[in-house]
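First the structure, in the form of structure tokens, and then the observations on it.
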Amino acid sequence: MMVWRLNPITRKRLQRFRRIRRGFYSFAILLTLTVVSLFSNFLANRRAIVVSYEGTLYFPTFQYHDMATFAQQDEYGFDDVEADYLALQARFAADASNNWVLMPPVPFDPYEPDFDYAEPPPNAPDSRHWFGTDSQGRDVLARLLYGFRISILFAVTLVFVGQVSGTAIGSLQGFIGGRFDIYSQRFIEVWSTLPFLYVVILLATFFRPGFLLLLAIMALFEWIRMTYYMRTEMYREKTKEYCLAARSFGASRGRLIFRHLLPNCLTPLVTITPFAVVGAISALTALDYLGYGLPAPTPSWGEMIDQALASQNRDKLWLSIAPFSAISITLLLVTLIGESIREAFDPKQYAQYR
Amino acid sequence: MKAAALVEVRNLRKHYPVRGGVFGRQRDTVRAVEDVSFLLHAGETLGLVGESGCGKSTLGRTMMRLEEPTSGDVLFEGRNLASASAAELFTLRRDVQMIFQDPYSSLNPRITIGEAVREPLDIHRLGSAADRRARVDELFEAVGLSPTVQERYPHEFSGGQRQRVGIARGLALRPRVIVADEPVSALDVSVQGQVLNLLVQLQRDLGLTYLFISHDLSVVEYLSDRVAVMYLGRIVEIGKRTSIFAAPAHPYTRALLESVPIADPRKRRDRVPLQGETPSAVHPPSGCAFHPRCPLAVAVCRGEVPALESVRTDGDDGHLTACHRHDEI
Amino acid sequence: MALLEVEDLCTVFHTEDGVVHAVDGVSFQVEAGKILGIVGESGCGKSVTAMSVMRLIPDPPGRIESGRVLWKGRDLLAVDADEMPQIRGREIAMIFQDPMTSLNPVFTIGKQLGEVLDRRFDLRGAAADERMVEVLGHVGIADAEQRLSQYPHELSGGMKQRIMIAMALMCRPDLLIADEPTTALDVTVQAQILHLMKQLQQEFGTAIVLITHDMGVVAETCDDVVVMYAGKVVESCGVFELFVAPRHPYTRGLLDSILRPGRSKATPVPTIEGVVPSLLQPPAGCRFADRCARAVAQCHQDEPLLATVSDKHLVACHLPLEVPPS
């Protein structure tokens, strides 16, 4: 019978992490935000969540319905364009029928401009757009929310790919050692001197980088850092006597690596990952700001900062406050998590006077 | 006549390259084990003694093929461990096992001690799951641990108890030869005695053959039937325990014996200790490696490497020494 | 008057699992010009005692809870923290087990020794070099000029320990505390270092506290001995008395478990069964009671106090062993 148990070292570290409040709460908040942002389509969207019309329920979030469906017409009398759910909601409220519309809390999506203002965009925050609109009349809150989702998903995927491949390559270097280690190490040293930004700019002139291509380009550089740590960890662990003992009774390489060595080498992986996420979010934001990141209408924090810093927008404070505070808070949360993990993993078994 | 040897080590060498430069070219060679030959008879304990850096641990590990030998043979009942294929080696490992020095690093901290002892059985797929469980219980009892503690992790135990776990793991495959690398050196005196008694009892009960590696002369004297003394990668003296300790033939063995502090203040000696320290194994002295520290060194000692020769000319009792001047002493 | 008097010293460590009473009411004296051995197994508190005397306990997690350390009549535990470096090194010097980590790897030996001379004696240049060569000569380093320009990694373990001793002796301290100075060394080099320490004691009259787990080292070098067990002193007396007529069962057990020359595996080694009690919750009575063959009910309830049994022989035991007939 195999019962999955945490070994006492991991258990102790988890306990210690939970006891470090700032890290634990940051983790809880960030996790909640991430999960919530996965449902952005239900939170900020100009399509309604549910429409009840003439006894039928419609769920337009992921489905297109034209105006004809709800007997709607636009100002030019067309009805084969997409339904305007906000207008629909107003109409149903006015005609006191049994029909109703449930709109998301933010009834705008991050792409559609809203020109219902006397002034040209950007428009300052009001009851309609809580965080105002940007220079193309798009809702800032919606863009912030979708921007968070893209940043965090991008960063986590990038770090996952980087850490896994870095761990694999570094472990092999340390485990196999010898000539393989020397040559691969020289390769890594050369590779790591390639200027990342130039490579991205160069590639961006040939391809229009989408989410996946950008991820792939950045992953080419992301794995390097982890190899340094895993290589030395492996070198140290494999000379320990428990590893010799396992070899002395004929343990296979796979068993040595996966059962004995890796579990004892993972401390740097866990402690570095949060800081790698911080780095990835910052890098993506910076690239977007420079215009070499994700392609244009994609909601992104870097692009928002770029707008906020444009000379004609210097007095539109809402444009800068939103993305800057979002970035600061996110990075602060991740940093607090990382710092608490580091403390929980600190081999010094010190305790404070309590 | 002597009993047939269970293990025969012939001209074993282990050299390590010293590498440097961008692409790690070989710069030099460390001759950790240099031309070592000896026999290990069934049921005996051969004590291998020497100071740090003399190559005794490397010798043990090379015999176990934890290090690839540079040249030489290690024959177990005629089968050569030194040149065995991976599959042959895997079966040979059942017969030759190892016990390690450091009870803190020889057990994986993330694996329960029960799993640690069962692992060799799992790897060699010996018996059914129930058989293995019964065998682990039996092993725990054999080394004086309660089988009920199997679910616990190494850090919950003292050094002596961990060493018992290490011994149980070493015995799991029912080996016939055990290479014990400093198994009591990290333990306190009172615990050291418990582990030594256990090793003696296990040898008696299971008919084990030990190669016992240690820097501690008193432990070697206690446990061994025969003793080999190593200096800078070579065996300088080998023979019966009684003759080595009563009548050491090599000046280095003598110096070693004289250096051991005696736990009796009434026997305090105002001796002049042996001068100098062990030279580097990268550039060992010419001739007899001990000559720069030897009070008896003469010209020939600097020029020629002495061979192992029988100490007594009147009969062969297996006492050999590698010293040009042993018959003058 | 004793040079150093430790009275009822208590040092604790605060850990995640609770408070460890590493040193619990330890008292002993060091006479001027004598070698005192503090002997005990790992975890008995012998090193913590030495670190407490030097006030080198890292705080947190450690803390000296109570006691007095009288150095020439002055309580070191009450001395201003700024003043300690003056006493450390100048009056009391210390050397450690691991000579590999005691020297700074990025400076030459000459630079590290020279710094001490510069700071303490305002000695620089040729005069300092001359003094260094002289001191290195004292600790048996022949080619001293050459050694001064070398880095620690170029020297062997024994050589480094000699340098450490030289550094400790440069200020002519009245007391040298040596914490397992030979444990990391080979037996031939251990003999050289012990020989050197005895020579220095005779030549300069330096008192030495030698902390060790090795009864052989104690027998060869010490004048007086303190035996510690689980944070307490269990016996203290002259070295001859200790080996000839130990009065505490633990001391007896330790002496019996030594492998003496001529012993063979035909007879089992006498051992002390059981394990050292946890210092998180030490037992109420005598801490050795659970492992002691002579223990009676009283031993498990009342803690035995260190009491004089004969001239300068102190034992903490309710039922001390008889003196064997000579």
Once both label points are put 7 Å beyond Cα along the C-beta direction, the C:Gln298-C:Ala126 separation in nm becomes 7.3 nm
Reported to the nearest 10 Å², A:Lys316 has, with a 1.4 Å probe, an accessible area equal to 50 Å²
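For C:Tyr151, what charge total do you get from the other residues with a beta carbon under 12 Å from its beta carbon, if Lys and Arg give +1 and Asp and Glu give -1?
Local net charge: +2.
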Please list C:Met167, C:Met84 from largest to smallest accessible area, probe radius 1.4 Å, with all protein chains kept in place.
C:Met167, C:Met84
So, counting K/R as plus one and D/E as minus one, what does the shell of residues with Cβ under 15 Å around A:Ala216 add up to?
0
Which is the longest part of chain A that has none of the GluC sites (Glu not before Pro) sitting in a DSSP loop with at most 11 other Cβ atoms within 10 Å?
A:76-354
Once you charge only the Cβ atoms, +1 for Lys and Arg and -1 for Asp and Glu, what is the size of the charge dipole of chain A about its Cα centre, to the nearest 20 debye?
3460 debye
For the stretch C:7-110, what is the accessible area per residue in Å², given a 1.4 Å probe and the full set of protein chains?
41 Å²
How much accessible surface does C:His213 have with a 1.4 Å probe, in Å² rounded to 10?
70 Å²
Which value in deg cm²/dmol, rounded to the nearest 500, describes the helix-derived mean residue ellipticity at 222 nm for chain C, given -39,500 (n - 2.57) per DSSP H run of n ≥ 4 and division by the residue count?
-9000 deg cm²/dmol
In degrees between 0 and 90, to the nearest 10, how far off the longest principal axis of chain C does helix C:187-204 point, with axes built from Cα atoms?
80 degrees
Per the 1.4 Å probe, what fraction of the accessible area of the stretch A:38-128, in percent, lies on carbon and sulfur atoms?
56 percent
What total accessible surface area, summed over both chains, is buried at the interface between chains A and B, computed with a 1.4 Å probe and given in Å² to the nearest 100?
2700 Å²
Degrees between helix C:109-121 axis and first principal axis of chain C (Cα, 0 to 90, nearest 10)
90 degrees
Rounded, prolate or oblate: pick one for the stretch B:1-119, where a ≥ b ≥ c are the square roots of the eigenvalues of its C-alpha gyration tensor, a/c under 1.5 means rounded, and failing that, prolate if a/b is larger than b/c, else oblate.
oblate
Using a Gaussian network for chain C with springs between C-alpha atoms less than 10 Å apart, which of these wobbles most: C:Asp214, C:Asp17, C:Asp122?
C:Asp17
Where the only charges are on Cβ atoms (+1 Lys, Arg; -1 Asp, Glu), what is the dipole of the stretch B:166-239 about its Cα centre, to the nearest 20 debye?
360 debye
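Report the chymotrypsin sites (Phe, Trp or Tyr not before Pro) located in the stretch C:83-159 that are in a DSSP loop and have at most 11 other Cβ atoms inside 10 Å of their Cβ, or state none. Write down the numbers at each step before the final one.
On the way: sites: C:Phe96, C:Phe107, C:Phe121; in loops: C:Phe96, C:Phe107.
Sparse-neighbourhood loop chymotrypsin sites (Phe, Trp or Tyr not before Pro): none present.
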Just to confirm my numbers, what's the Cα centroid distance between the stretch C:88-127 and the stretch A:226-242 in Å?
35 Å
Solvent-accessible area of B:Thr70 with every protein chain in place, 1.4 Å probe, in Å² to the nearest 10
70 Å²
Provide A:Ser165, A:Ser328 ordered by accessible surface of protein heavy atoms (probe 1.4 Å), highest first.
A:Ser328, A:Ser165
Please give the Cα centre distance for the stretch B:74-122 versus the stretch C:143-167, rounded to the nearest Å.
41 Å
Please list A:Phe115, A:Phe24 from largest to smallest accessible area, probe radius 1.4 Å, with all protein chains kept in place.
A:Phe115, A:Phe24
Only Cα pairs within less than 10 Å get springs; with that Gaussian network setup on chain C, which residue of C:Gly216, C:Gly33, C:Gly274 has the largest fluctuation?
C:Gly274
In the structure displayed, which of C:Lys34/C:Lys232; B:Lys56/C:Lys46; C:Lys46/C:Lys312; B:Lys56/C:Lys265 lie more than 24 Å apart, Cα to Cα?
B:Lys56/C:Lys46
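Kyte-Doolittle cut-off -0.5, length cut-off 27 Å along the helix's own axis using Cα: show which whole DSSP H helices in chain A pass.
A:140-176, A:267-290, A:317-344
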Rounded to the nearest 100 Å², the accessible area hidden between B and C, summed over both chains at a 1.4 Å probe radius, is 3700 Å²
Looks like the stretch C:253-326, by Cα gyration tensor root eigenvalues a ≥ b ≥ c and the a/c under 1.5 rounded cutoff (else prolate when a/b is bigger than b/c, oblate otherwise), is oblate
Considering only DSSP states other than H, G, I, E and B, which trypsin sites (Lys or Arg not before Pro) in the stretch C:1-76 qualify as loop sites with at most 15 other Cβ atoms within 10 Å?
C:Lys72
Choose one answer from C:Leu155, C:Leu280, C:Leu259: the residue with the largest mean-square fluctuation in a GNM of chain C with alpha-carbon springs under 10 Å.
C:Leu259
Roughly how many percent of the accessible protein surface of the stretch A:211-354 is carbon and sulfur, given a 1.4 Å probe and a whole-percent answer?
65 percent
Are there any trypsin sites (Lys or Arg not before Pro) in the stretch B:204-298 that are in a DSSP loop and have at most 13 other Cβ atoms within 10 Å? List them by number.
B:Arg269, B:Arg271
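The values are calculated or read from the model by the stated rules, or taken from the named source; none is laboratory data. None of these values were measured; they are calculated from a predicted model. Using ideal geometry, Cβ is built from the backbone for each residue, glycine included, and neighbour counts are taken over all protein chains shown. Remember, those area values only see protein heavy atoms, side chains included, never the ligands or the DNA or RNA. Shrake-Rupley method; radii C 1.70, N 1.55, O 1.52, S 1.80 Å.
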